[in-house]
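Before any comments, here is the structure.
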Amino acid sequence: MSDFDAILAFTRVVELESYTKAARRLGISKSMVSRRVARLEKRLGAQLLVRSTRGLTPTEPGRAFAERAAHSLAELQEAEVEVKEGEREPSGALRIAAPLSFGIMHLGPALIEFAERHPRIVVDAAYSDRYVDLVEDSFDAAVRIGALSDSSLVGRKLSPIRALVAASPDYLARHGRPAAPRDLMQHRCLGGAGNDAQWRFRIAERWQTMKPVPVFRADNGEVLRDAAVAGLGVTALPSFILSPALESGALEPILTDFALPERGLYVLRHQGTPPLRLRLLIDFLVARFGPEPYWDPCWRKVPSGMELATG
């Protein structure tokens, strides 16, 4: 029996909190798992596990060893997969979920380029603003805007997502330029669908929420951007939606001294070692969208704020 077998048995026991479950996962007997853990404890000269009313719990040395061992085992597994796949051209299907506006405006062109580079990979992209469950909906990965809240998934940040307030030059000429967030209460605002529109600003060292009553609502950011370009009112949207209109001058950023919450763009996948085709896609998206998004230069000097958000 190698030290590798003992370390693997120990990490599985810590992960599953049970000798029986670890044995079932490894395909060996419970007594063999116990012997392997005992052998590891003897070699290290430290107790790694204790039994309590809650089951098996790692000691402090055991918890520290398990964390490092699990990381090392994952790297070994990835290295093994890379060696096996290294001589083969990546192939197979990739099913990706993405939010509607970002998917169409930015992810779509990126996926087309990726597919051109890897003709044997079949990309299947689904664009929707509804929440998707990667397991139940059979997706390999999802691109999402917001904080990673599902601990069963592995997330990698692609870039920051910043937002700002904007209006058309024509609207500002007719209605004036708001000087502070509170001035929005006297302006025609464009917001998301529903009656709970909230715009948050960092004023000095505090976050304050404004609740304007929109004169126009839509559940799509591109529609709200187009309404603002038409002079219908003021809108607050992510820069990846507003950027083309800002660059052309169709919209002007306003209230730039007051930060809006900043979120993140993430790609999420299942736990475990991903196939080569998915690793290639994730690396491609990281290079394409980060660390600073290409759609922000036109207003890079606008301040931003950091806040965890979901969505």
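Here are some residues: VAL223, VAL154, VAL213, VAL143. Which one is closer than 28 Å to ALA126 by Cα and either in a helix (DSSP H, G or I) or out of contact with any strand residue (DSSP E or B) (no Cβ under 6 Å at 6 or more places or on another chain) (or both)? Of the residues listed, the single one that is closer than 28 Å to ALA126 by Cα and either in a helix (DSSP H, G or I) or out of contact with any strand residue (DSSP E or B) (no Cβ under 6 Å at 6 or more places or on another chain) (or both) is VAL223. A Cβ distance below 9 Å, combined with a sequence gap of six or more or placement on separate chains, defines the contacts here; from the range 1-16, residues that are within 13 Å of ARG35 (Cβ to Cβ) and at pLDDT 85 or above reach residues that are outside any helix (DSSP H, G or I) and not aliphatic (A, V, I, L, M) in the pairs PHE10/PRO58; VAL13/PRO58. Here are ARG156, ARG217: which of them is within 30 Å of PHE284 (Cα to Cα), at pLDDT 90 or above and basic (Lys, Arg)? ARG156 is the lone residue from the list that is within 30 Å of PHE284 (Cα to Cα), at pLDDT 90 or above and basic (Lys, Arg). Applying the condition of being of a type in the set (D, E, K, R) and farther than 15 Å from LEU8 by Cα to the range 44-70 and asking which residue is surrounded by the fewest Cβ atoms within 10 Å (Cβ to Cβ) yields ARG54. For the range 121-146, a residue qualifies if it is within 18 Å of PHE289 (Cα to Cα) and surrounded by fewer than 16 Cβ atoms within 10 Å (Cβ to Cβ), and exactly one does: GLY146. The single condition among (1) within 26 Å of VAL213 (Cβ to Cβ); (2) over 18 Å from the mean Cα position of the chain (by Cα); (3) assigned to a loop (DSSP other than H, G, I, E, B); (4) not basic (Lys, Arg) that ASP183 does not satisfy is (3). State whether one or more residues within the range 162-181 are surrounded by fewer than 19 Cβ atoms within 10 Å (Cβ to Cβ), within 22 Å of SER243 (Cα to Cα) and touching a Pro at 6+ places or on another chain (Cβ under 8 Å). Checked the range 162-181: no residue is surrounded by fewer than 19 Cβ atoms within 10 Å (Cβ to Cβ), within 22 Å of SER243 (Cα to Cα) and touching a Pro at 6+ places or on another chain (Cβ under 8 Å).
As for the range 244-262, it holds at least one residue that is closer than 28 Å to ALA115 by Cβ and touching a helix residue (DSSP H, G or I) at 6+ places or on another chain (Cβ under 8 Å).
Taken over the range 249-298, the criterion of being in contact (Cβ under 8 Å) with a residue 60 or more places away in the chain, hydroxyl-bearing (Ser, Thr, Tyr) and part of a loop (DSSP other than H, G, I, E, B) is satisfied by THR256, THR273.
Do we find that ALA197 is touching a residue at least 12 places away in the same chain (Cβ under 8 Å), in contact with a strand residue (DSSP E or B) (Cβ under 6 Å, 6 or more places away or on another chain), of a type in the set (Gly, Ala, Ser) and within 18 Å of LEU260 (Cα to Cα) in this structure? Criteria met by ALA197.
The values are calculated or read from the model by the stated rules, or taken from the named source; none is laboratory data. No experiment lies behind these values; they were computed from the predicted model shown. Please note: Cβ atoms are built from the backbone with ideal geometry, for glycine as well, and neighbour counts cover all protein chains shown.
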